[in-house]
Amino acid sequence: MPKESFLKNRIRSVGYAIIGMILLLRTEASIKIQFVIAILMTGAGFYFEISKTEWIVQLMAIGMVMGIEGLNTAVEKIADYVQPENDPKIGFIKDVSAGAVMIVSLIASIIGLIIYIPKFA
């Protein structure tokens, strides 16, 4: 079987990533909530006419939260597949993964406060 070209391989990889993103948004309640928050914050950005730098920071925060949530979901699915029974070691792994989401979510919230509190002053 001939080796697939680099370009075809990249296009196929992007296709898989898009499918993964759609699956994540369709099946996971937490990412749906985060997506709605992202849309609201984007609307707030337009309404308050935030600066380019504020847009960059806001978009990075949104991307980090949603990206880490995706990784958390993958960790949880793998853990459940590997060990469907209740297991303290798997529980620890899942808790640490959820903790990573909590960390970026808290930082993203602080970033939002830093950007938007002055807009109300």
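Relative to its residue count, segment 27-85 spans a Cα convex hull of 63 Å³ per residue.
The modelled label-to-label distance between Ile117 and Leu40, using points 7 Å beyond Cα along the C-beta direction, is 1.9 nm. Note on the chain: GNM, Cα springs under 10 Å; of Gln34, Gln58, Gln83, the largest mean-square fluctuation is that of Gln83.
Over the chain, what per residue volume does the convex hull of the Cα atoms give, in whole Å³? Intermediate values should be presented prior to the final figure.
Details: hull volume 18.1 nm³, N = 121.
So the per-residue Cα hull volume is 150 Å³.
Helix 29-47 and the longest principal axis of the Cα set of the chain meet at an angle near 30°. Which value at 222 nm does the chain reach when only helices count, each DSSP H run of 4 or more adding -39,500 (n - 2.57), with the total divided by all residues and rounded to the nearest 500 deg cm²/dmol? One gets -29500 deg cm²/dmol as the mean residue ellipticity at 222 nm. Number of Lys-Lys pairs in the chain with C-alpha atoms under 19 Å apart and a separation of 8 or more places or on different chains: 4.
Please sort by residue number the GluC sites (Glu not before Pro) in segment 46-114 whose DSSP state is loop and whose Cβ has at most 16 other Cβ atoms within 10 Å. All intermediate terms of the calculation are to be shown ahead of the outcome.
Working: sites: Glu49, Glu54, Glu69, Glu76, Glu85; in loops: Glu49, Glu85.
Those satisfying the criteria are Glu49, Glu85.
Between 0 and 90 degrees, the angle of helix 88-116 with respect to the longest Cα principal axis of the chain falls at about 20 degrees. Heavy atoms of the protein only, probe of 1.4 Å, neighbouring chains included. What is the accessible area of Met60 in Å², nearest 10? About 120 Å², rounded to the nearest 10. Per-atom-type breakdown for the chain gives carbon and sulfur 74% of the accessible area (1.4 Å probe, protein chains only). Across Ala98, Ala29, Ala61, mean-square fluctuation computed from a Gaussian network of the chain (C-alpha pairs under 10 Å connected) peaks at Ala29.
Here r is the Cβ-Cβ distance between Leu106 and Tyr16 and R0 is 22 Å; the resulting FRET efficiency, rounded to 0.05, is 0.10. Overall shape of segment 1-61 was characterised from the C-alpha gyration tensor. The equivalent ellipsoid obtained from it has semi-axes of 33, 18, 7 Å, in decreasing order.
Out of all Cα-Cα pairs in segment 72-121, roughly what percent, to the nearest whole number, are more than 13 Å apart? Please report the intermediate quantities before stating the final value.
On the way: 773 of 1225 pairs.
The calculated P(r) of segment 72-121 puts 63 percent of pairs beyond 13 Å.
The values are calculated or read from the model by the stated rules, or taken from the named source; none is laboratory data. None of the values given here were measured: they were computed from a predicted structure. In this analysis, Cβ positions are derived from the backbone assuming ideal geometry, glycine residues included, and neighbour counts consider all displayed protein chains. These accessible areas exclude ligands, DNA and RNA; they are computed on the full protein's heavy atoms, side chains included. Shrake-Rupley method; radii C 1.70, N 1.55, O 1.52, S 1.80 Å.
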